[in-house]
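Chemist: Quick one: the structure is below, and I'll ask about it shortly.
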Amino acid sequence: MCAMARPRKPLLSTDRIVKTARDLVDREGLAAVSTRRLAAELGVSGPSLYNHFRTKDEILEAVADSVSGLVDLSMFEDGRDWRTALHDWAVSYRAALRDHPNIVPVLARGPGRRPAALRLADAVYGAMVDAGWPPAQATSIGALMRYFIMGSALGSFAGGFVDDASAYDPADYPHLGQAHLLAEQQEKIDERAFETGLTALLDGLAQQYEQVRV
């Protein structure tokens with residue numbers, strides 16, 4: 001009689017480590033990540049992680065890059081004009097950050113050596129230069145867009161108001177009588193604020209572009 005084969009544990013891989021770490025960051029934040037905790041989540045011994053990553057910071061860098069890799073870059077390659085491309089890219093970028101907000105502080109440090117983040121920066125800069133922006137201004141546009149998108153993902157404006165009308169005494173805050181209702185419409189308000197700011201930003205760039213093209 002043949003002995004039953006014991007079920008094999010899933011092979012440990014870089015992709016599996018990164019996905020598990022990203023899920024952990026999404027659920028519990030950056031502070032929850034440690035090699036010991038991650039090893040427990042993966043069902044492996046701690047030292048086995050060092051075959052793939054030397055430090056916790058390397059793991060977080062990889063998680064950040066995996067989120068950058070979710071951003072659509074096709075708009076810079078399919079013939080869309082620079083303004084439409086920037087708009088569509090910004091929407092895709094914000095969507096990725098909205099789905100993984102806890103990793104934003106790591107992303108905000110800049111691309112460093114992260115491949116997906118560098119491809120993102122290269123795509124934006126290259127598209128702006130190809131559209132006729134001077135290189136220095138193309139660099140500034142990339143930085144400006146990153147500031148705006150990252151800032152929009154750091155927190156919710158509407159979520160910052162408490163659901164308690166008594167917190168907004170008309171004697172002290174005569175214009176905040178409905179502020180306690182904002183949290184109910186958090187997603188809608190934040191989306192509208194992002195689109196309003198993005199449109200204003202692109203309108204301003206369009207005016208500068210006309211001067212550049214003269």
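The values are calculated or read from the model by the stated rules, or taken from the named source; none is laboratory data. Keep in mind it's a predicted model, so treat the numbers as computed, not measured. Heads up, the Cβs are rebuilt from the backbone with ideal geometry, glycines too, and the neighbour counts pull from every protein chain shown. When the accessible area is computed, the model is the full protein with side chains, heavy atoms only, and any ligands, DNA or RNA have been set aside. Shrake-Rupley method; radii C 1.70, N 1.55, O 1.52, S 1.80 Å.
Chemist: Leaving ligands, DNA and RNA out of it, rank Tyr93, Tyr209 by accessible area with a 1.4 Å probe, largest first.
Modeler: Largest accessible area first, the list is Tyr209, Tyr93.
Chemist: Considering only protein heavy atoms, with the full assembly of protein chains and a 1.4 angstrom probe, order Leu154, Leu107, Leu176 by accessible area, largest first. Before the final figure, lay out the partial values.
Modeler: Working: Leu154 120, Leu107 5, Leu176 60 Å².
Final ranking, largest accessible area leading: Leu154, Leu176, Leu107.
Chemist: Using a 1.4 Å probe and ignoring any ligands, DNA or RNA, find the accessible area of Ser74 and quote it in Å² to the nearest 10.
Modeler: 50 Å²
Chemist: Roughly how many Å² of Leu70 are accessible to a 1.4 Å probe, to the nearest 10?
Modeler: 90 Å²
Chemist: By how many nm would the segment from Ala40 to Arg16 grow when fully extended, if each residue of separation counts as 0.36 nm and the alpha-carbon distance is taken off?
Modeler: Full extension from Ala40 to Arg16 adds 7.3 nm.
Chemist: If you don't mind, another one. If I stretch the segment between Ser166 and Val212 completely, what's the gain in nm (0.36 nm per residue apart, minus their alpha carbon distance), one decimal?
Modeler: Numbers: separation 46, 0.36 × 46 = 16.56 nm, distance 5.22 nm.
That pair, Ser166 and Val212, stretches by 11.3 nm at full extension.
Chemist: What does the convex hull of the Cα atoms of region 56-100 come to per residue, in Å³, rounded to a whole number? All intermediate terms of the calculation are to be shown ahead of the outcome.
Modeler: Details: hull volume 2.8 nm³, N = 45.
Normalising the Cα hull of region 56-100 by residue number yields 63 Å³.
Chemist: Could you please put Lys19, Lys56 in sequence from largest to smallest accessible area, using a 1.4 Å probe? Each step should come with its number before you reach the end.
Modeler: Working: Lys19 110, Lys56 75 Å².
Largest accessible area first, the residues go Lys19, Lys56.
Chemist: Separation of region 51-107 and region 143-187 by C-alpha centroid, Å?
Modeler: Their Cα centres are 26 Å away from one another.
Chemist: With no solvent and one equal point scatterer placed on each C-alpha of region 103-214, evaluate the Debye formula and give log10 I(q)/I(0) for q = 0.13, 0.18, 0.20 Å⁻¹, two decimals.
Modeler: Per q value, in the given order, log10 I(q)/I(0) is -0.69, -0.97, -1.08.
Chemist: For the chain, what is the relative contact order in percent, using Cα pairs closer than 8 Å and at least 6 residues apart in sequence?
Modeler: Numbers: 175 pairs, mean separation 34.4, N = 214.
With pairs under 8 Å counted, the relative contact order is 16 percent.
Chemist: Here is a follow-up. Net charge around Val71, counting only other residues with Cβ within less than 14 Å of its Cβ (Lys, Arg = +1; Asp, Glu = -1)? Intermediate results must be reported in sequence, preceding the final value.
Modeler: On the way: positive: Arg94, Arg98, Arg114, Arg119, Arg146; negative: Asp65, Asp72, Glu77, Asp88, Asp99, Asp122.
Net local charge, Val71 excluded: -1.
Chemist: Between Asp81 and Glu58, what is 0.36 nm times their sequence separation minus the Cα-Cα distance? Round to one decimal in nm. Provide the component values of the computation, followed by the final result.
Modeler: Values: separation 23, 0.36 × 23 = 8.28 nm, distance 3.69 nm.
Net length gain for the segment: 4.6 nm.
Chemist: Evaluate the distance, in nm, between pseudo-label points positioned 7 Å from the Cα of Ala31 and of Thr199 along their respective Cα→Cβ axes.
Modeler: 4.0 nm
Chemist: Using only the Cα atoms of the chain, build the gyration tensor, take square roots of its eigenvalues as a ≥ b ≥ c, and label the shape rounded, prolate or oblate: rounded if a/c is under 1.5, else prolate if a/b is larger than b/c, else oblate. Could the numbers behind the result be given before it?
Modeler: Details: a/c = 2.73, a/b = 1.33, b/c = 2.06.
It is oblate, given that a/c is not under 1.5 and a/b is not larger than b/c.
Chemist: Given a 1.4 Å probe, how much area per residue of region 36-95 is accessible, in Å²? Mind showing how you got there, number by number?
Modeler: On the way: 2940 Å² over 60 residues.
Each residue of region 36-95 exposes 49 Å² on average to a 1.4 Å probe.
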